[in-house]
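Worksheet: the structure to be examined is printed underneath.
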Amino acid sequence: MSQDYSKAIGTVDRGVLVGNELKDVKSGNVLTGSDTTEFFEKASVQKSDFEYFEGDETKFRRFVNSFKKAPGRENDQESLQDNNKHEKLKQTIRPRHVVMISLGTGIGTGLLVGTGKALYNGGPGGLAVGFFVMGTCVYCVIQAAGEMAVNYPALSGGFNAYPSFLVDPGFGFATAWLYCIQWLCVFPLELVTASITIKYWTTAINPDIFVAVFYLLIIVINFFGARGYAEAEFFFNTCKVLMIIGFFIVGILVNTGAAGNDGYIGAKYWREPGSFGGHTAIDHFKGVVSTLVNAAFSLGCSEFVALTAAEQANPRKSVPSAAKKMLYKVFVVFLGSVTLIGFLVPKNSSELMGSTDSSVHVSPYVIAVASHGVRVVPHFINAVILLSVLSVGNSAFYSSSRLLLSLAEQGYAPPVFKYIDRQGRPLMAMMVSITMGCLCFVAASPKEETVFIWLLAISGLSQLFTWTSICISHIRFRKALLVQGRGWDGLGFKAQTGVWGSYYSAVIMILTFIAQFWTCLIPMGSSKPNAESFFEGYLAFPIFVALYFGYKIYNKNWQLFIPAEKIDLDLHRKIFDADVLKQEDAEYRAKLRDSSMWHRIAALWC
């Protein structure tokens with residue numbers, strides 16, 4: 001608050017600006033005459049920095065009134081048409097937040113805890129193959145998502161809205177809702193994981209006590225809005241990145257015999273008990289398939305990198321740069337760390353999730369260090385894993401409420417979820433996230449790990465649906481351009497992997513659905529169908545089918561897909577000037593030619 005403003009307040013005995021009138025706080029009377037003149041002459045405050053509403057006389061009243069609906073949203077449909085990007089949501093995330101969030105995104109339950117079950121089922125070789133295959137798919141998905149984001153920059157709903165007008169409204173509805181359900185499930189999943197992580201230290205205390213503390217902490221953080229979320233994520237992701245760097249160093253030292261008490265390990269565990277799960281060729285294959293869904297869940301949110309890059313000043317350069325960085329992250333951080341895990345942890349370890357030989361299961365990252373006699377370090381790793389789990393839980397709570405708001409704005413959810421309060425919080429949507437979070441209190445149940453597996457299956461398979469929808473939307477977009485004779489010259493950015501990258505990813509993911517169906521129906525080591533195993537690993541698919549056919553029945557629309565010639569290529573789309581794009585490319589190549597060798601190398605690899 002400026003000094004002049006403070007003096008003005010003192011002049012009128014703590015006046016409050018309500019609408020276009022100045023009122024006295026104590027009496028509530030409208031102030032007139034010289035007092036208001038002096039107030040308006042001296043006060044100089046930007047609306048974004050200082051905003052009073054009627055009844056906001058005290059801090060407590062301002063807190064209570066902050067939950068009231070934000071002004072200017074009385075006509076929600078008009079608000080949607082005027083602004084598809086949720087301007088009422090507080091945009092307080094800073095560049096330092098974005099950098100650290102992008103580095104730490106994905107380092108959570110799937111990678112740090114879920115890989116334990118994937119290693120137990122698939123072995124170190126199967127785990128590496130699963131992450132490699134999904135990593136190549138993710139690169140193509142980012143390229144496709146980047147092309148769509150650059151050409152549809154102001155579309156509400158982002159990549160979840162593409163299928164609705166490029167493929168089929170029913171497909172878009174089912175995909176968007178399943179993605180929202182995924183993040184609603186991830187919130188309690190992370191809290192259940194937190195209780196599993198704490199069991200490394202103690203099993204004497206009821207885990208619901210810890211879960212309740214974490215549950216309330218995440219809710220409180222998110223009630224501070226985007227700024228609270230961003231600051232918490234900055235801290236969490238800094239810890240995660242430092243832990244991964246430290247794990248690489250300690251892991252290599254342990255494997256080579258420079259640390260720990262087991263001497264040189266090398267590829268010992270790849271030979272005995274073996275590099276792939278099971279004892280037959282069929283079980284080896286099933287083990288690899290079982291790692292794919294976990295890899296997909298671990299790599300989830302990668303598509304957001306393309307959306308963030310597309311909103312920068314020069315998306316034609318930032319999108320491919322973001323895709324390259326994501327590729328390095330996938331193959332160094334994810335594939336590198338799970339490969340190192342395979343060298344340090346045998347697939348038959350009793351402490352891995354999935355094993356029935358121990359009542360306490362911990363992260364394979366902790367086992368990798370602790371089982372070889374390294375002290376203290378495992379406790380630090382476990383502590384950071386706990387922070388990582390809370391980080392993803394925090395992101396899931398934040399994302400799920402915003403996704404539900406987006407669904408409401410697209411007409412896919414009840415209008416009540418459009419409610420945004422004065423602090424920019426989608427309050428009604430947050431209530432749904434809070435309610436879903438109560439699933440976390442199964443932590444004290446003996447079926448805790450079963451619930452973990454079910455929630456992980458919904459989340460992992462849902463991620464595959466999202467990626468598949470992005471690729472199919474990209475294929476349909478290119479097909480419509482071709483059929484309608486529009487050409488590609490007006491595209492602000494063209495995926496470097498082309499439409500064939502989308503075909504590759506879509507085919508791999510569809511084959512994964514088929515293989516996962518078989519693996520879940522007839523699990524490893526069995527020759528008979530198992531209903532419990534099927535729903536534990538394939539629950540997301542029946543949900544998708546129910547949403548898809550529910551939409552079709554309700555709207556009585558049985559069209560399988562929108563014909564390419566009828567796709568509206570002008571709706572929501574930003575069409576670029578082909579001549580300007582060619583000139584920009586020529587200028588960039590000329591600038592690159594005249595730059596130093598190091599600059600050219602950086603442009604090639606970064």
Where only protein heavy atoms count, and the probe is 1.4 Å, what is the accessible area per residue for segment 321-476 in Å²?
-> 30 Å²
ILE514 to TYR554: extension gain in nm, 0.36 nm per residue of separation minus the Cα-Cα distance?
-> 11.6 nm
Would you mind putting 261-271, 477-487, 244-254 in packing order, based on average other-beta-carbon counts within 10 Å, highest first?
-> 244-254, 477-487, 261-271
In cubic angstrom per residue, the convex hull of segment 95-575 built on its Cα atoms measures 143 Å³
Using 0.36 nm per residue of separation minus the Cα-Cα distance, give me the extension gain between ARG375 and ASP579 in nm, one decimal.
-> 67.1 nm
Pull out the extension gain between GLU565 and ARG271, defined as 0.36 nm times the separation in residues minus the alpha carbon to alpha carbon distance; nm, one decimal.
-> 100.2 nm
Express the accessible area of segment 102-253 per residue in Å², computed with a 1.4 Å probe while the remaining protein chains stay in the model.
-> 26 Å²
Would you mind computing, in nm to one decimal, how far apart the modelled labels at ALA281 and THR256 are, each placed 7 Å from Cα along Cα→Cβ?
-> 3.9 nm
Expressed as a whole percentage, what fraction of the accessible surface of segment 95-575 belongs to carbon and sulfur atoms when a 1.4 Å probe is rolled over the protein heavy atoms?
-> 69 percent
What is the packing order of peptides 340-348, 395-403, taking the mean over residues of other C-beta atoms within 10 Å and listing the highest first?
-> 395-403, 340-348
Got a sec? Charge dipole of segment 95-575, +1 on Cβ for Lys and Arg, -1 for Asp and Glu; which of SER462, ILE249, LEU327 is way out at the positive end?
-> LEU327
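I'd like the per residue volume of the convex hull spanned by the Cα atoms of segment 96-196, given in cubic angstrom.
In segment 96-196, the Cα hull volume divided by residue count equals 149 Å³.
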Cα pair distances of segment 177-278 binned at 10 Å [whole percent] | 12, 23, 31, 23, 11, 0
With a Cα-only, solvent-free Debye model of segment 282-424, what are the log10 I(q)/I(0) values at q = 0.13, 0.16, 0.19, 0.20 Å⁻¹?
-> -0.87, -1.10, -1.26, -1.32
Work out the FRET efficiency for LYS69 and ILE219 from their Cβ-Cβ distance, taking R0 = 30 Å, and round it to the nearest 0.05.
-> 0.90
Convert 4 °C to kelvin, take the viscosity as 1.567 mPa s, use the Kirkwood radius over C-alpha pairs of segment 486-606 as Rh, and evaluate the Stokes-Einstein diffusion coefficient in µm²/s, rounded to a whole number.
-> 65 µm²/s
With PHE331 itself left out, Lys, Arg at +1 and Asp, Glu at -1 over residues whose Cβ is under 15 Å from its Cβ give +3
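The values are calculated or read from the model by the stated rules, or taken from the named source; none is laboratory data. Note that the coordinates shown come from a computational prediction; the quantities given were computed from them, not determined experimentally. Quick reminder, even Gly has a Cβ in these numbers, built from the backbone with ideal geometry, and neighbours come from all protein chains shown. In case anyone asks, the SASA skips ligands and DNA or RNA and just uses the protein heavy atoms, side chains included. Shrake-Rupley method; radii C 1.70, N 1.55, O 1.52, S 1.80 Å.
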